[in-house]
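Input: a single structure, listed below in structure tokens.
The values are calculated or read from the model by the stated rules, or taken from the named source; none is laboratory data. This structure is a prediction, so every number in the text was calculated from the model and none was measured. With ideal geometry, Cβ positions are generated from the backbone for all residues, glycine too; neighbour counts draw on all protein chains shown.
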Amino acid sequence: MSRRRRAFTLVELLVVIGIMAVLIAMLLPALNRAREQSRRIRCLSNMRQLTIAWSMYANDSKGRICGANTPVIGTDPKEFNWVTVDTNGMDTLASLQAGMLYKYVNTAEVYHCPSIDYIRSYSLNSLLLGEGPEDQNTGKIYKHLSEIRKPHATFVFIEEWDPRKYLINSFMVLPYAAPGTPAKYNIDQWVDIPAPQHGRVGLLSFADGHAIMWPWSDPMTWKRNGQFNTVTPNNPDLRDLQGWRGPGGVETPPNRAW
């Protein structure tokens, strides 16, 4: 005796579709978080690799660190900068390869975060043979590893963002001036912009080789809409970066004797 197959009714089909939609809506945020976490881990790995290359270059150069600025390719007769740029000021594969660190990493993928379409999304601390400002204790820009007195608390690489989609020279943090010390700079002023692609999290590497995911505290840190030289009074994130410039002494922000 044959049996007729019973098909879904329209109501049953709508119920199943509704359940599937709810499950997808519940799963998507978790999938997005997992994807972002994976990108953060890759980004952190990139920064560690660049920091190792930075240390290797210094060890091979009798302690002299590579330059943090980004001159036009072929224009610096000393050729000691970590990367260069093309004649339009843009990053290219050739300009990365002309930099001093490429022979140690040998892949362009390490120079940028997977969450952003820049060719290069990392910059060096401007105190490390970059634009400065100089160490307020000694009046010097650091040129050698031996001048870095606190490697564990001196940042080397940081993710930077520029609305023009290319980065110029080093990442500049104006120094903090301890109470009673003449302030040469506005201690509440940002110059460059930490990258916002990870939301409330910033990624940095340090001269001793470790790298961190650091939760920002102030929304003005990652919501500056591409504005350089923004003033954000008493911003704890800026104080952290001022502390991680590395000199200590008169530059030590409150409660940050790393």
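So the values come out like this:
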quantity: Search result, residues across the range 184-217 that are over 24 Å from His144 (Cβ atoms) and in a strand (DSSP E or B); calculated: Gln189, Ile193, Pro194, Val201, Gly202, Leu203, Ile212, Met213, Trp214, Pro215
quantity: Where Arg149 falls short, out of the listed (1) under 27 Å from Ser38 (Cβ atoms); (2) more than 14 Å from the chain's Cα centre (by Cα); calculated: (1)
quantity: Residue in the range 174-192 that is in contact (Cβ under 8 Å) with a residue 40 or more places away in the chain, within 30 Å of Lys62 (Cβ to Cβ) and not charged (D, E, K, R) present; calculated: yes
quantity: Qualifying residue in the range 166-187 (condition: buried (at least 19 other Cβ atoms within 10 Å of the Cβ) and under 22 Å from Arg39 (Cβ atoms)); calculated: yes
quantity: Scan of the range 230-253 for residues that are of a type in the set (A, V, I, L, M) and either under 22 Å from Asn137 (Cα atoms) or modelled with pLDDT of 95 or more (or both), ordered by number; calculated: Leu238, Leu241, Val250
quantity: Matching residues in the range 222-238 - criterion: being assigned to a helix (DSSP H, G or I) and surrounded by 19 or more Cβ atoms within 10 Å (Cβ to Cβ); calculated: Trp222, Asp237, Leu238
quantity: Those residues of the range 114-167 which are over 27 Å from Asp86 (Cα atoms), outside any loop (DSSP other than H, G, I, E, B) and acidic (Asp, Glu), in sequence order; calculated: Glu147
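A quick yes/no check of all residues on (1) under 30 Å from Ala183 (Cα atoms); (2) exposed (fewer than 15 other Cβ atoms within 10 Å of the Cβ); (3) at pLDDT below 95:
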{"position": "Ser61", "(1), (2), (3)": "no, yes, no"}
{"position": "Cys66", "(1), (2), (3)": "yes, no, no"}
{"position": "Leu101", "(1), (2), (3)": "no, no, no"}
{"position": "Ser115", "(1), (2), (3)": "no, no, yes"}
